[in-house]
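Notes to accompany the following structure.
The values are calculated or read from the model by the stated rules, or taken from the named source; none is laboratory data. None of the values given here were measured: they were computed from a predicted structure. No Cβ is skipped: glycine too gets one built from the backbone with ideal geometry, and neighbour counts run over all protein chains shown.
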Amino acid sequence: MISPTTGLETAAAPPLLPDILIVDDDPGMVQALARVIRPLGRLRFATQGLDALRLMAESPPDLVLLDAQMPGMSGFEVLEAIKGDPMLADIPVIFVTSHAEASFEQTGLEKGAADFIAKPIRPAIVQARVRTQLRLKQANDALKQVAATDRLNLAEALVELRESHAQLLKTAEELQLANEGLLQFVRISSHDLREPLNTVVQFIGLVEEDHSADLPPDTRHYLKLVRNAGERMRTLLDDVVRYARLQHGETEPRTPVALAPLMTEVCDALAAQLDATGAQLHIGELPVVTGHASLLSQLFQNLVTNALKFMPPGRAPRIEITAETHAGMTMVSVKDNGIGISPEGMDKLFQPFARLNLRREFEGSGLGLAISRQIAETHGGTITVRSQPDEGSAFDVRLPLA
């Protein structure tokens, strides 16, 4: 939470961490930046240029993230005021802007900006650039304090750090190109690849429906194999598209989500599997969290589906879903009595396309748990697992309460 009078977070920050000031008139962008860089320092906030200058005069920060386009006093005017004050001139300023024109960036650099972050923000890039500027600031502060005989060595270190920063910028550009390529693949997968695949599956179904009685047994068997393969491919495409979109951060604004009715809907969707396996399902009292209902539904459907799937032959599934709350978070546990996970399999359990069992034993795309982890992390939470071979597993999903 943000105090409107002081611009400080109400939660106590750890001592000795860098002081970071976020200046933006958009509360949503302030919250988004805060979520990304909260582990890197103590955060202060301002929504107007004059308030930001007042906070800096009271206590100069180590880094400023500054919105370039603000009503009233613009970001460029705030930057000029910072660089014109001897007490503040050495503070690195990163512009946060939706403008991508070279002239806009050149103007900011000429006025003293240390770096630029483009909207919409990419969490990994934001963290990397903030870390780089904090290190540069720390090295610059140390340079001022050391004796003149030591300054040359520190200057050389700064040169290396700037070279590393340049390499980071190059890597960021390459990462952006890779992300754009991934998005292009998502668009192709969602339409161009699915259309012919759907045609194959549908026409095979028509052949089986209209001419199955006239076909030899071998031919019917081969058609079934083709149809099953097409359906597996369609599932894999859906999972790849979903995983790529999560990786790129394509989500809607969060809202309160009641987990109890959501879990009921998940169970209704899996009713056929629950009946077919004779599963015993116990659901305890579940809280209301903040997030995306569709993504959370996908997460818990993946976990319950795995609990039903990974069972030894002849064993009826027994699934328990419970929740505990603590310090503004809830831990939802999905526990089963299945085959469990070996210690060797724990390390690659959440990796994309990782398979711990043969496909002929247990069907799947190898993306279910990777998607589940990405959904949990998108919500600011985590997913972990406790397991014993042949005794079952418990997946613990940590989510923020509404």
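Can you tell me which condition residue 252 does not meet? The list is (1) among the acidic types (Asp, Glu); (2) more than 24 Å from residue 32 (Cβ to Cβ); (3) modelled with pLDDT under 85; (4) exposed (fewer than 13 other Cβ atoms within 10 Å of the Cβ), and all the others hold.
(2) is the only condition that residue 252 fails.
Confirm whether residue 334 is under 16 Å from residue 297 (Cα atoms), at pLDDT 90 or above and of a type in the set (A, V, I, L, M, F, W, C).
yes
Which ones in region 318-352 are farther than 17 Å from residue 396 by Cβ and touching a Phe, Trp or Tyr at 6+ places or on another chain (Cβ under 6 Å)?
Scanning region 318-352 gives a single hit, 339.
Quick check on this structure: which one of 107, 97 is farther than 17 Å from residue 129 by Cα and either touching a helix residue (DSSP H, G or I) at 6+ places or on another chain (Cβ under 9 Å) or of a type in the set (Val, Ile, Thr) (or both)?
Going through 107, 97 in turn, the sole match is 107.
Looking only at region 85-129, count every residue that is part of a helix (DSSP H, G or I), under 17 Å from residue 173 (Cβ atoms) and acidic (Asp, Glu) and tell me the total.
Qualifying residue count for the region: 1.
Are any residues in region 373-387 crowded, with 19+ Cβ neighbours inside 10 Å, more than 13 Å from residue 302 (Cα to Cα) and in contact with a Lys or Arg (Cβ under 8 Å, 6 or more places away or on another chain), and if so, which ones?
Passing the criteria: 379, 381.
Of the conditions (1) in a helix (DSSP H, G or I); (2) of a type outside the set (Val, Ile, Thr); (3) at pLDDT 90 or above; (4) surrounded by 16 or more Cβ atoms within 10 Å (Cβ to Cβ), residue 261 fails just one. Which one is it?
Checking residue 261 against (1) in a helix (DSSP H, G or I); (2) of a type outside the set (Val, Ile, Thr); (3) at pLDDT 90 or above; (4) surrounded by 16 or more Cβ atoms within 10 Å (Cβ to Cβ), the one that fails is (4).
From 286, 295, which residue is surrounded by 13 or more Cβ atoms within 10 Å (Cβ to Cβ), at pLDDT 90 or above, not in a strand (DSSP E or B) and not polar (S, T, N, Q)?
286
Here is a yes/no grid of residues against (1) touching a residue at least 40 places away in the same chain (Cβ under 8 Å); (2) exposed (fewer than 15 other Cβ atoms within 10 Å of the Cβ); (3) of a type in the set (A, V, I, L, M):
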{"residue": "16", "(1), (2), (3)": "no, yes, yes"}
{"residue": "23", "(1), (2), (3)": "yes, no, yes"}
{"residue": "30", "(1), (2), (3)": "no, no, yes"}
{"residue": "34", "(1), (2), (3)": "no, no, yes"}
{"residue": "37", "(1), (2), (3)": "yes, no, yes"}
{"residue": "40", "(1), (2), (3)": "yes, no, yes"}
{"residue": "45", "(1), (2), (3)": "yes, no, no"}
{"residue": "51", "(1), (2), (3)": "yes, no, no"}
{"residue": "55", "(1), (2), (3)": "yes, no, yes"}
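Which residues, counting only those in region 300-317, are surrounded by fewer than 17 Cβ atoms within 10 Å (Cβ to Cβ) and more than 16 Å from residue 396 (Cα to Cα)?
Restricting attention to region 300-317, the residues satisfying the condition of being surrounded by fewer than 17 Cβ atoms within 10 Å (Cβ to Cβ) are 305, 312-316.
Listed by number, the residues that qualify are 312, 313, 314, 315, 316.
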